[in-house]
Amino acid sequence: MDMTLAEIAQLVGGTVKGDESIRISGLNGLKEAGPGDITFVRSTRYVPLLETTHASAVLIGEEPPNCPVSMVICAMPDLAFAQLLQYCDTEKRRHPAPGIHPTAVIGQNVRIGQDVAIDALVHIADNAVIGDRVVIFSGCYIGHDVTIGDDCLLYPHVVLREDTELGARCILHPGVVLGGDGFGYAPLGGAWVKIPQVGRVRLGDDVEIGCNSTIDRATFGVTRVASGVKIDNLVQIGHNVEIGEHSAMAALVGIAGSAVIGKHVRIGAASGIAGHIEIGDGASVGAKSAVGQSVPAGSTVVGLPAIEFNLSKRVWAGQKRLPELLRRMRELERQVEALENKLHG
Amino acid sequence: MDMTLAEIAQLVGGTVKGDESIRISGLNGLKEAGPGDITFVRSTRYVPLLETTHASAVLIGEEPPNCPVSMVICAMPDLAFAQLLQYCDTEKRRHPAPGIHPTAVIGQNVRIGQDVAIDALVHIADNAVIGDRVVIFSGCYIGHDVTIGDDCLLYPHVVLREDTELGARCILHPGVVLGGDGFGYAPLGGAWVKIPQVGRVRLGDDVEIGCNSTIDRATFGVTRVASGVKIDNLVQIGHNVEIGEHSAMAALVGIAGSAVIGKHVRIGAASGIAGHIEIGDGASVGAKSAVGQSVPAGSTVVGLPAIEFNLSKRVWAGQKRLPELLRRMRELERQVEALENKLHG
Amino acid sequence: MDMTLAEIAQLVGGTVKGDESIRISGLNGLKEAGPGDITFVRSTRYVPLLETTHASAVLIGEEPPNCPVSMVICAMPDLAFAQLLQYCDTEKRRHPAPGIHPTAVIGQNVRIGQDVAIDALVHIADNAVIGDRVVIFSGCYIGHDVTIGDDCLLYPHVVLREDTELGARCILHPGVVLGGDGFGYAPLGGAWVKIPQVGRVRLGDDVEIGCNSTIDRATFGVTRVASGVKIDNLVQIGHNVEIGEHSAMAALVGIAGSAVIGKHVRIGAASGIAGHIEIGDGASVGAKSAVGQSVPAGSTVVGLPAIEFNLSKRVWAGQKRLPELLRRMRELERQVEALENKLHG
């Protein structure tokens, strides 16, 4: 990277305050930045850190008093910075180059788009369809009849079982498994009889899934993850779940079979959603919660079992006072008994 | 698939009500089924859905009034349907064919049974023993001295570390790791000294383990998972655990070292079982529970920490009323004080 | 293994009580040991088990009355035993032999130390640096510019994304993923814009990480895991987390972004630590806890949300009594009302 501050301002649609001829050679966080770097301030809360930064310039929403470095004033500094990072992407040059590595194993009747990169030790089974500019890192397994949309990025060791469908621009991190069998058995004489899982998994566009997360294929039909959904590491999505557009869930979340998650839902880390319930559009679930009943659109729940957020805060406060409550109860009982004795005695 | 309803009835041991000459070409869920499909009704609860199904026939326990499609009446429709699915299995034709793929790496002194399929990029280390008709998908690693029973099915990217033993007909989903070291250290001068884990993992027959789940080898001896046990995705089983026949556990469960789980135990998703305790035969643990003490056979516990199910329901109801309880307590204290003042004043 | 008891005593710095000429051919747990084996007794609690052991000898802290087998008396029998296990290590002979397997794929400008073993189907990308005596099992992926210190041991299917750094003697179990993207997005018009994650992961020396655990790269800078840290299976460490020396965390723990974990911290299984908080040196977190606020050094917290340990025990006791508390409250209210009626009536 080698740009002047003026060029950066033009790229992100901002205005320079200070020396617009400064040459910028790197991008970094406020604490990590050194000379030659540009950094960013996301909120006024972090403005005091500017005094000790070693950055040469900063992307910022509005000019603070006595700013020690040159600035690019722009409406959303974090987005502008993300845009700059993507523009200067140093990662892509380390992606496998377009072409098929000689150690990759490609099945019969596989259709591969333009400028696709298939890294070493990848295995693509029969009848898979790979879109344009897809990058498949080392050691991925693409099952029979899988469809991968344009511009998808699969990091090493992803497994897509047969019939899985990916929209465009999906990012799958290492160890993701899509299309494993749903957990379905019928009891028979004390043992479990497996119910074959003959459905599939379908992701929309721009879905991102974190390391070692798993999404099960439907028993019948489709486990659906809509466009724009973001899923963190070690998350489990059960069979026949449906997740609406732009919902996000943090690490270690589990969603049981046939749950329906609306659009723009946020689920905190390590929470669980019971099967066959519905989380309404725009709802939020706090971290470490156990949601056993449907949640109305727009509401916020938390806890084990999950209850409405404001109530939960008062419940938690009350819980800590339980030992005291028991003591006060005993004291009251003594007082009341004394009163009764006095009145009747 | 192309069978008449009469042929299907014969296969599952049922009786046709309606047109026994209908030709069935597919199997599907009540909602997903279309013309030519047969579907099933598991419980009377779903009978109303028959009015809108597009299926051509249904497997059902008893004849409902005004059923709009032809029926096969049979005792357990879900099992009959699973049986039909297995009979018509469309999956197996997409399994790797028997034989050893040229990119597979096979160690020394490996014994391989009849009609075994070893897919691309599989690695089998020295002295492993593979039973008849085993299917090993792409990219699996089979360690030294591993034994795999007849008819096991290993999906892509399974890792079996050295000495692991599998019974017959086990199914391991992608990313399963068996035989990782148990988590054992001795403290010494503020640091941790590793205790070598020299035991192994042994699965019985018909064990199924979900995607990316992990079972640790024993410190000494064996971590045992008995026949018929079903384990969902992202489950962790610690060293020296023993799990009895036909127990089942949902996703994200963790079982700490040396816990003993009985037969026919059910553990809900994301629950944890402490080390060195015992869960009795037939016990149930609710989802998201933390079980810190042994649980008697046949009982049901839930919560954090887990308590008896009926008590927990009343505790949860009480928790929500904690803010109210504190208010009522203050009010009572005021009243009692007023009474005391009146009596003594 | 073939040593006399005298030789063993010399190796571990202990003294023989009994027949020092006994020949020992194996090492095993108290319950698992047979003739020819030596075992150990970690605490006096297990001394009664000596009566039924089939071992030929025992490592023990002090001589118990009527010990039926020969003894090696030593200060810390568990450590002595671990030392013996490491001395007789039967595992290493099953590690891949030094050298590069012909099916391994090695990128450009990779530097490989002395006596390194690179197993089948390993892929090492450009510019990686591998220290002396490193063992990399089958199917691992080592990304661009990764650095691996001397004597590291990588079990099968580990993924190290670009720029990851490992100190010396680290052990990574199967399926570990280091350097996946942190979970970072900025909201824009109802959708999520990815914030590129351009930092890295750095492990100190002697770090051990369990099967299928994941550690995310920093947004900027470094996600740091200091020397001596031990991490169990299926653990998630978020971006920019810092973990101090010799801390340990059990399975299924999740640590959210930018949390700072001190030295000698212990975190119980399936607990979660919120982002941007600090867990002080020597603190302990109980299993299944949700830590939402910083924890002072040396303290112990547990629960959901986590509170101080002694308080939590009383809160749990109180919770179980909530139904009774509500009953007593109603009874008191009746009594007080009766008293008031009597006084005013």
Scanning for something within 28 Å of the chain's Cα centre (by Cα) and more than 13 Å from chain B (Cβ to nearest Cβ), does region C:36-45 turn up at least one residue?
-> yes
So which residues in region A:2-27 are of a type outside the set (Lys, Arg) and open to solvent by 80 Å² or more (accessible area, probe 1.4 Å)?
-> A:Asp2, A:Glu7, A:Gln10, A:Thr15, A:Glu20
Reported set for region C:228-243 where residues are assigned to a loop (DSSP other than H, G, I, E, B) and open to solvent by 10 Å² or more (accessible area, probe 1.4 Å) is C:Asp232, C:His239, C:Asn240
Within region C:65-80, the count of residues that are of a type in the set (A, V, I, L, M) and outside any loop (DSSP other than H, G, I, E, B) comes to 5
Report yes if some residue within region C:84-98 is more than 23 Å from B:Tyr141 (Cα to Cα), within 13 Å of chain B (Cβ to nearest Cβ), open to solvent by less than 20 Å² (accessible area, probe 1.4 Å) and touching a Phe, Trp or Tyr at 6+ places or on another chain (Cβ under 9 Å); otherwise report no.
-> yes
Residue by residue through region A:178-227, note down the ones that are among the polar types (S, T, N, Q), crowded, with 22+ Cβ neighbours inside 10 Å and within 25 Å of C:Gly180 (Cβ to Cβ).
-> A:Asn212, A:Ser213, A:Thr214, A:Thr223
Across region A:275-288, what is the total count of residues that are in a loop (DSSP other than H, G, I, E, B) and more than 10 Å from chain B (Cβ to nearest Cβ)?
-> 8
Residues being more than 9 Å from chain B (Cβ to nearest Cβ) and open to solvent by 20 Å² or more (accessible area, probe 1.4 Å) - total across region A:289-315 = 12
If you take the residues in region C:166-175 that are assigned to a loop (DSSP other than H, G, I, E, B) and in contact (Cβ under 8 Å) with a residue 40 or more places away in the chain, which one is farthest from C:Val146 (Cα to Cα)?
-> C:His173
Please specify each residue of region A:275-285 satisfying the condition of being open to solvent by 20 Å² or more (accessible area, probe 1.4 Å) and more than 22 Å from A:Phe183 (Cβ to Cβ).
-> A:Asp281, A:Gly282, A:Ser284
Output yes when any residue across region A:256-273 is touching a His at 6+ places or on another chain (Cβ under 7 Å), away from chain C (no Cβ under 12 Å) and on the phi > 0 side of the Ramachandran plot, and no when none is.
-> yes
Being assigned to a strand (DSSP E or B) and on the phi > 0 side of the Ramachandran plot, is that true of even one residue in region C:192-203?
-> no
Could you please tell me which pairs satisfy a Cβ distance under 7 Å, a separation of 6+ or placement on different chains, a first residue in region C:320-345 that is farther than 14 Å from A:Leu339 by Cβ, and a second residue that is open to solvent by 50 Å² or more (accessible area, probe 1.4 Å)?
-> C:Pro323/B:Arg314; C:Leu326/B:Arg321
Taking only region A:117-130 into account, find how many residues are open to solvent by 10 Å² or more (accessible area, probe 1.4 Å) and assigned to a loop (DSSP other than H, G, I, E, B).
-> 4
Give region A:263-274 a look and list any residue that's part of a loop (DSSP other than H, G, I, E, B) and open to solvent by less than 10 Å² (accessible area, probe 1.4 Å), or say none.
-> A:Val265, A:Ser271
Just one of (1) more than 9 Å from chain B (Cβ to nearest Cβ); (2) in a strand (DSSP E or B); (3) surrounded by fewer than 23 Cβ atoms within 10 Å (Cβ to Cβ) trips up A:Arg327, so point out which.
-> (2)
How many residues are open to solvent by less than 30 Å² (accessible area, probe 1.4 Å) and modelled with pLDDT of 90 or more when one looks only at region B:28-49?
-> 7
Among the residues of region B:131-165, write down those that are buried (at least 24 other Cβ atoms within 10 Å of the Cβ), assigned to a strand (DSSP E or B) and of a type in the set (A, V, I, L, M, F, W, C).
-> B:Ile136, B:Ile142, B:Ile148, B:Leu154, B:Val159, B:Leu160
Could you tell me which residue of region B:159-175 is nearest to the chain's Cα centre (by Cα), considering only residues that are of a type in the set (Val, Ile, Thr) and more than 9 Å from chain C (Cβ to nearest Cβ)?
-> B:Ile171
Within the set of pairs 6 or more residues apart or between chains, which connect a residue that is in contact (Cβ under 8 Å) with a residue 60 or more places away in the chain and more than 12 Å from every other protein chain (Cβ to nearest Cβ) inside region B:100-115 to a residue that is part of a strand (DSSP E or B) and open to solvent by less than 60 Å² (accessible area, probe 1.4 Å) with Cβ atoms less than 8 Å apart?
-> none
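The values are calculated or read from the model by the stated rules, or taken from the named source; none is laboratory data. Quantities reported herein were computed from a predicted structural model and do not represent experimental measurements. Please note: Cβ atoms are built from the backbone with ideal geometry, for glycine as well, and neighbour counts cover all protein chains shown. Remember, those area values only see protein heavy atoms, side chains included, never the ligands or the DNA or RNA. Shrake-Rupley method; radii C 1.70, N 1.55, O 1.52, S 1.80 Å.
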